[in-house]
Amino acid sequence: SFAKKIFDRGMTVPAIFFLEMVRYASFIGSQMLVFFGPVITTFIQSEPYYRLAELLEDRKNVELLITELEKLEKQ
């Protein structure tokens, strides 16, 4: 899962901070990711990048990801 990958890389706390900051503007943020995608994906893999953009489109997904990250961090 996406949360497990974040946890395995030791990026749980920064990811939670980021998600908390963009939670209410997640749709706008996802659209910005799509807009800048052609430039950014020349430097990184495009599939995970666009999956993140799709994930951020719905605020419920952001809440779910934060919850999953917090569960993994407590274990």
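The values are calculated or read from the model by the stated rules, or taken from the named source; none is laboratory data. Fair warning: this is a prediction, and the values are worked out from it, not measured in the lab. Neighbour counts are summed over all protein chains in view; Cβ atoms, including those assigned to glycine, are modelled from backbone coordinates with ideal geometry. When the accessible area is computed, the model is the full protein with side chains, heavy atoms only, and any ligands, DNA or RNA have been set aside. Shrake-Rupley method; radii C 1.70, N 1.55, O 1.52, S 1.80 Å.
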Taking amide hydrogens as modeled 1.01 Å from N in the peptide plane, which residues meet the under 5 Å criterion relative to Asp58, leaving out close sequence neighbours?
-> none
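Kirkwood Rh, the chain, all Cα pairs: how many Å? Let's see the in-between values first.
Values: mean 1/r = 0.0787 Å⁻¹.
Value: 12.7 Å, from the Cα pair sum.
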Over the chain, the sum of -39500 (n - 2.57) across DSSP H runs of at least four, divided by residue number and rounded to 500 deg cm²/dmol, gives at 222 nm -25000 deg cm²/dmol
Computed ³J(HN,Hα) along region 64-75: with the Karplus parameters 6.51/-1.76/1.60, θ = phi - 60°, integer Hz and x for glycine or proline, the list is 5, 5, 4, 4, 5, 5, 5, 4, 5, 5, 6, 6
Identify the trypsin sites (Lys or Arg not before Pro) of region 10-69 meeting these criteria: DSSP loop state and at most 16 other C-beta atoms within 10 Å of the C-beta.
-> Arg23
Kindly express, to the nearest 10 degrees and within the range 0 to 90, the angle between helix 46-56's C-alpha long axis and the longest C-alpha principal axis of the chain.
-> 70 degrees
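Over the chain, give the accessible area per residue in Å² for a 1.4 Å probe, as an integer.
Details: 5530 Å² over 75 residues.
Ligands and nucleic acids excluded, the result is 74 Å² per residue.
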Taking chymotrypsin sites (Phe, Trp or Tyr not before Pro) as exposed when DSSP calls them loop (any state but H, G, I, E, B) and at most 11 other Cβ atoms lie within 10 Å, what is the longest stretch of the chain free of them, the sites themselves excluded?
-> 44-75
Angle, helix 26-40 long axis vs. longest principal axis of the chain, Cα atoms, 0 to 90°, nearest 10?
-> 50 degrees
